[in-house]
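The values are calculated or read from the model by the stated rules, or taken from the named source; none is laboratory data. Predicted model only: the values in this text are computed from it and were never measured. In this analysis, Cβ positions are derived from the backbone assuming ideal geometry, glycine residues included, and neighbour counts consider all displayed protein chains. Side chains are part of the model used for accessible areas, which takes the heavy atoms of the whole protein and leaves out ligands, DNA and RNA. Shrake-Rupley method; radii C 1.70, N 1.55, O 1.52, S 1.80 Å.
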Amino acid sequence: MKLEGLRVVDLSVFLPGPYLTMTLADHGAQVLKIEPPGGDPGREIGPRVDGETVFFRNINRGKDSLVIDLKDPAGRERLLKLCDEADVVVETFRPGVVQRLGVDYETVSARNPGIVYCSISAFGQDGPYRDRPAHDLAVEALGGAIAINEGQDGAPAIPGIPAADMLSSLQGLSGVLMALLRRERTGRGDYVDMSMHDAVLAAYPNVVGPVFAHGRDPVPKHERSMGGSAFYRIYATADGRHIVLGGQEAKFVRNLLSELQRPDLSALCEAGPGPHQAPVIAFLSEVFARCSQAEWIDWFAGRDICFAPVKRVSEAFEDPQALHRGMVLGEGATRQIGPAIKFRHEPARPRLGVPRLPAEAAPEKSGVGA
């Protein structure tokens with residue numbers, strides 16, 4: 001496997017860090033999860049099956065766990081010895097905490113120059129917001145993501161996916177792997193300062209055009225990817241469900257409007273997004289409201305139009321494409337989300353076991369993940 005032999009010390013809790021380290025474990029890394037007395041708070045978040053929460057299971061599989069009280073000098077020294085043998089350390093404490101505990105990058109790298117040390121925090125290790133407490137929603141709010149996640153009523157809504165958490169996790173993963181690759185040549189590790197806020201801002205290439213080019217905020221109901229295009233939009237169906245049109249290329253526009261006997265509306269769509277597309281939106285809204293979602297699925301089959309039904313989450317994980325791609329592991333209530341990274345050679349081999357919370361006074365073992 002790609003990461004076989006890689007040793008990881010995981011000091012992270014909640015979502016971004018544990019997802020990063022689980023991804024490493026899925027591809028062969030040996031991950032030792034260091035938990036405080038009482039355990040990772042994720043062990044108590046959400047529905048529980050067979051003694052473990054679904055949330056914890058889906059971001060901590062394949063790891064070993066060890067309880068260490070880092071406020072205890074003996075615990076600190078125990079951790080540093082584990083870091084001496086490690087390749088990667090991931091932590092998600094608030095900035096300054098690892099320095100107070102004496103397990104910061106400077107301390108660890110002085111003993112192990114090859115260490116790749118990744119800190120994930122809300123706003124990074126410097127700047128005016130450095131010490132500000134925040135989780136995903138607050139970071140998305142400060143990063144502008146909530147303002148553009150606007151419903152038809154014009155009010156912002158909470159996004160259904162924790163974008164700041166997941167984007168920072170994946171950006172952090174990229175940083176760790178880049179640092180490991182560079183270490184192959186130099187022998188030295190590096191420090192990855194991953195800000196959730198930075199990760200949100202970095203996700204705006206298709207959003208920031210009005211801001212940079214015209215000095216104005218995006219108007220979601222007018223923008224190309226937020227509802228200002230008739231062919232990039234959500235529509236209600238007769239049964240109270242929804243479908244989307246998800247492609248604005250001229251061929252998709254012409255194909256659908258010709259099928260619906262309104263080719264005259266194509267020119268409005270081809271003129272770009274904006275209020276002038278209102279007649280097309282009104283027409284399509286009326287048409288799609290005539291039939292059920294299932295009927296539209298059948299109608300669109302075989303037609304070259306970028307269309308999709310809006311599936312519920314339960315339906316998404318029962319979808320034949322998701323099942324074919326191995327995105328569901330196991331069966332029943334203990335199912336887990338499969339790894340998204342697919343290799344032709346040495347594919348992921350997730351170990352579905354979840355580390356039990358060991359007793360704080362468990363006998364010490366030597367080696368990372370021993």
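Quick notes on this one:
- Note on the range 166-185: residues that are surrounded by 17 or more Cβ atoms within 10 Å (Cβ to Cβ) and either charged (D, E, K, R) or in contact with a Leu (Cβ under 6 Å, 6 or more places away or on another chain) (or both) total 4.
- Test set (1) open to solvent by 40 Å² or more (accessible area, probe 1.4 Å); (2) part of a helix (DSSP H, G or I); (3) among the small types (Gly, Ala, Ser) - residue 266 fails condition number: (1)
- Here is the figure for the range 312-352: residues that are farther than 20 Å from residue 21 by Cα and more than 19 Å from the chain's Cα centre (by Cα) total 14.
- Tally, over the range 132-183, of residues that are farther than 30 Å from residue 112 by Cβ and either in contact with a helix residue (DSSP H, G or I) (Cβ under 6 Å, 6 or more places away or on another chain) or hydrophobic (A, V, I, L, M, F, W, C) (or both): 22
- Just one of the numbered conditions (1) modelled with pLDDT under 95; (2) under 30 Å from residue 116 (Cβ atoms); (3) β-branched (Val, Ile, Thr) is not true of residue 186: (1).
- Checking the stated criteria, residue 284 turns out to be modelled with pLDDT of 95 or more and over 30 Å from the mean Cα position of the chain (by Cα).
- Total residues in the range 302-314, condition outside any loop (DSSP other than H, G, I, E, B) and open to solvent by 50 Å² or more (accessible area, probe 1.4 Å): 2
- Condition met for residue 287 (of a type in the set (A, V, I, L, M) and either open to solvent by less than 50 Å² (accessible area, probe 1.4 Å) or touching a residue at least 60 places away in the same chain (Cβ under 8 Å) (or both)): yes
- Residue count for the range 294-339, restricted to those that are among the basic types (Lys, Arg), under 30 Å from residue 255 (Cα atoms) and touching a strand residue (DSSP E or B) at 6+ places or on another chain (Cβ under 8 Å): 0.
Yes/no matrix, rows are residues, columns are (1) surrounded by fewer than 18 Cβ atoms within 10 Å (Cβ to Cβ); (2) at pLDDT 95 or above:
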residue	(1), (2)
4	yes, yes
23	no, yes
26	no, yes
29	no, yes
39	no, no
48	yes, no
75	no, yes
80	yes, yes
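- Out of 240, 247, sole residue that is closer than 15 Å to residue 309 by Cα and open to solvent by 50 Å² or more (accessible area, probe 1.4 Å): 240
- Filter pass, residue 346 being loosely packed, with under 14 Cβ neighbours inside 10 Å, in a helix (DSSP H, G or I) and charged (D, E, K, R): no
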